[in-house]
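To keep things clear, I will list the structure first and then write my remarks on it.
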Amino acid sequence: MPSDKTGLAEPDPFDSIIDAPFDAALSERYLVYALSTITARSLPDLRDGLKPVHRRLLWAMRQLKLNPTDAFKKSARVVGDVIGKYHPHGDASVYDAMVRLAQDFALRYPLVEGQGNFGNIDGDNAAAYRYTEARLTRTAMSLMQGLDEGTVDFVPTYNGEEEEPEIFPGLFPNLLANGSSGIAVGMATSIPSHNAHEIIDAALEVIDNPQVEHERLMELFQGPDFATGGLIVDSQAAVSAAYRTGRGSFRVRGRFHAAEATQEADREAGIERLSGGQWQLVISEIPYMVQKGKLIEQIAAAIADRKLPILEDVRDESDEQIRLVLVPRSRKVDPELLKESVYKLTDLETRFGLNMNVLDATRTPLVMGLKELLSNWLASQIDILQRRSRHRLEKIALRLELVEGYIAAYLNLDRVIEIIRGEDEPKPVMMAEFELTDRQAEAILNMRLRSLRKLEEMQLRGERDDLLKEREELEALLDSPARQRTRLKRDLRKLQKEYGKGTPLGARRTTIAEAAPTVEFSPEAMIEKEPVTVILSQKGWVRAAKGHVPLDTDFKYKEGDEAGFVLHAQTTDKLLVAADNGRFFTMGADKLPGARGFGEPLRNTLDIDADARIVGMIRHRPEAQLLLAAANGKGFAAQTAELLAETRKGRQVVNLKGDNRLVTVREIAPDHDHVAVVGDNRKLVVFSLEELPVLARGQGVQLQRYRDGGMSDALTFKLEDGLSWAMGGETGRTRTETDMWQWKVARGAAGRMPPQGFPRDNRF
């Protein structure tokens, strides 16, 4: 529509719409987002080891003059400056980043000194930023040293109103010293903290010998040094291999240490001896990034779930130092077994991934090995040294210009005063008469009267000599790479003294040593061994009575249900349950409900099909074999170790087609040598056990052939002892037929009628 004043039509907003394929537009915009996440959010710069949010936090604190010797200021003030001037993101995320920089259990060398509640290792959050105060640490000042010396470029902030440094030029090796972690788009980084003294040792070695072998570097560097201490129990070869490529992982364990123990061996093992032969274990350090409160909950849950029956209790007796006390159930418990159990079942042992993915000097993400990373960092420090030297040379040139002018003025002081008093425009006259530059003339005119002393002239001449000497040294430094390396080594050694291994901050906290052979851990070892009688009804209700009750006991069942399977076992045993669809399920005897009631349905814990029927329950023995036979007369032998299932869904062992069902599941005794099979047609066949294949899964082979019907039952026996079967009735008598030559044929035969008196139900 026409404008009221100009009469011109307003532009149609739809004219600015560009017709483009949706996938191309989406991929282009997503690529921009991905690059922004990689280069400006999630990955650290190898030169100062910082992400943008951390760099902006420290820069804002420096601008606020929050030096280590100055007073604290409210964290809210810092966060406000950061999000208002440099980092236009949420205040919560910025404050969280600031809190982490102040936590001595998160950073090996904290960059912020906090006052107030900045969280704790239990996992409690920090207080709100209106309650806490902060200032920089000496390490942070070391990292920012040289910002005013032209060492780095300054770039405009997001709104162009301020400037911020692109990186920090300090010599402190922050990337490796404090580590970093982050997840970008399509890539991530995970770098542990290390000991600053060892980092500088390795860096000095690279300066002296650029072709140094990786093995030599690892002798000096050793590996991670976490803020919370702990143990790295991988071999030195495994640690070295990870740093060679920049990718790998480490097993990190908490440390057992009893400072109050009287014996050195007990102290190192974390064992405190009590009266009456009792003892307890003391945990003094926990793995990095593990919350103490969560660890205690895990140990308590393992005790409650009876996964750690050899542990009685866990107590938190920590103050400023961590002290977790583990109380064994009995003094007879093996301390090493208890340690290994806690390692396996809780986060007292974790795995820390190494992925040294960083941004190089060109802002390109690269995964670097240790030597490559150190070489790139040293190259950046050489560049900073050169820039500092050039910047200083510029300052010297400017100062020399003024000093030469001052000296010229002192040599002609009376004439200078005469020109100033007599000329309306003294500057051009002075410039022409004494061959001065504009800056020199302006500086002379701005001199104070009290500076016109002879002593001042002598000082100026001394200053000029010093500046000329410094200029000569700097020019020689810039012209000689060898001098630059020597200067860098000198500066590194000076820094190294501040983080010496004899200082509280510089001493190594994490021990790197391959774990000694320990007691083999197994879940069964955590279960108290007790005899039980397992009762499984026909409808799948299971329970366990304490002790070995006689198997012919008249157990009670729900109405409409009856006895199915009864066997003796130990609580440490695994039970194999077979369904007629060919699936085998595993359950622990220790997890069965008591026998006070009717038990619980087996289908509550195992995913057994509703139409499947239980056809067998066997106590698992590692070396045992089972005879498995289906209704169509096919079968095979299976090792019980192959039948164990890891999940509640079980394991398909017998492959069945159509209406075929698994009928027989019987254990094969070690001395058995023959198989007996009887069909619905009441024909019996006996053949050698050697003809029965041992399979992990399948249909098996034909045991007996039928014209009508199928298989009724099968078992194995020792031919020398004969074949036995129950006579029936209340007497419980059995009959044994030793002369079996009439029925002994090759596997797969039709067979013949069984001996006189064989049960009418065709079941052995």
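Read the figures in this text as sums done on the coordinates, not as results from a lab. The shown structure was predicted, so the numbers you read here are calculated from the model rather than taken from an experiment. All Cβ positions, even for glycine, are placed from backbone atoms using ideal geometry, and neighbour counts span all protein chains on display.
Placing unit charges on each Cβ (+1 for Lys and Arg, -1 for Asp and Glu) gives the chain a dipole about its Cα centre, and among Q280, T350, P593 the Cα reaching farthest toward its positive end belongs to P593. The protection proxy used here, the mean number of other Cβ atoms lying within 10 Å of each residue, ranks peptides 654-661, 614-621 as follows, highest first: 614-621, 654-661.
Just to confirm the filter: which trypsin sites (Lys or Arg not before Pro) across the range 262-351 are DSSP coil and have at most 15 other Cβ within 10 angstrom of their Cβ?
R306, R329, R331, K332
Note on R247 and E646: the extension gain reaches 140.5 nm, defined as 0.36 nm multiplied by sequence separation minus the Cα-Cα distance. Along the range 576-593 the Karplus relation, 6.51 cos²θ - 1.76 cosθ + 1.60 evaluated at θ = phi - 60°, assigns HN-Hα couplings of 9, 10, 10, 9, 6, 8, x, 8, 10, 10, 10, 9, x, 5, 6, 9, 7, x Hz to successive residues, with x for each Gly and Pro. A DSSP coil position with no more than 11 other Cβ atoms inside 10 Å describes the following trypsin sites (Lys or Arg not before Pro) in the range 56-164: K65, R130.
The length gained by stretching the chain between R596 and R329 to full extension, at 0.36 nm per residue less their Cα-Cα distance, is 93.4 nm.
How much net charge surrounds V239 when only other residues with a Cβ under 11 Å from its Cβ are counted (Lys, Arg +1; Asp, Glu -1)? Spelling it out: positives minus negatives among the neighbours equals 0.
Couplings for the range 747-753, taken from phi via the Karplus curve 6.51 cos²θ - 1.76 cosθ + 1.60 with θ = phi - 60°, read 4, x, 6, 7, x, 9, 4 Hz in order; Gly and Pro are left as x.
Quick check on the chain: helices-only [θ] at 222 nm, where DSSP H runs of length 4 and up contribute -39,500 (n - 2.57) each and the sum goes over total residues. Nearest 500, please.
-9500 deg cm²/dmol
Charged side chains reduced to their Cβ positions (Lys and Arg at +1, Asp and Glu at -1) give the chain a dipole of some 2260 debye around its Cα centre. Local charge sum around T228 (other residues, Cβ-Cβ under 11 Å, Lys/Arg +1, Asp/Glu -1)? Result for the neighbourhood of T228: +1.
In terms of the mean number of neighbouring beta-carbon atoms within 10 Å, the peptides 186-199, 404-417 order highest first as 186-199, 404-417. Run the paramagnetic zone check for A361: 7 angstrom along Cα to Cβ, then residues of the range 379-394 with backbone nitrogen under 12 Å. Answer for this model: 379-387.
With unit charges on the beta carbon (Lys/Arg positive, Asp/Glu negative), name the residue among I299, G186, A106 whose Cα is farthest towards the positive pole of the charge dipole of the chain. Final value for the positive-end residue is I299. A Förster radius of 60 Å, combined with the Cβ-Cβ distance separating E720 from D313, puts the computed FRET efficiency at roughly 0.55.
Calculated FRET efficiency, V745 to D611, Cβ-Cβ distance, R0 = 30 Å: about 0.25 to the nearest 0.05.
State, as an integer percentage, the relative contact order of the range 255-347 based on alpha-carbon contacts under 8 Å between residues 6 or more apart. Averaging sequence separation for qualifying contacts and normalising by length gives 25 percent for the range 255-347. Each label point was placed 7 Å from the Cα along the Cα-to-Cβ direction; for K556 and K657 their separation is 4.9 nm.
With a Förster radius of 56 Å applied to the C-beta separation of N120 and Q459, the computed FRET efficiency comes to 0.50. Residue separation of A515 and Q639 scaled by 0.36 nm, minus their Cα-Cα distance, works out to 41.2 nm of gained length. Projecting the Cα atoms of G560, T605, F584 onto the dipole axis of the range 527-615, where Lys and Arg carry +1 and Asp and Glu carry -1 at the beta carbon, places T605 farthest toward the positive end.
Label separation (H568 vs A76): 7.6 nm, computed from points 7 Å beyond Cα along the C-beta direction.
Helix 91-102 axis versus longest C-alpha principal axis of the chain: approximately 90°, rounded to the nearest ten.
Straight-line cross-link reach from K634 at under 13 Å between alpha-carbon atoms covers these aspartates and glutamates, not counting any fewer than eight positions away in the same chain: E691, D713. Residues I17, I232, I512, arranged from fewest to most other Cβ atoms within 10 angstrom of their Cβ, appear as I17, I512, I232.
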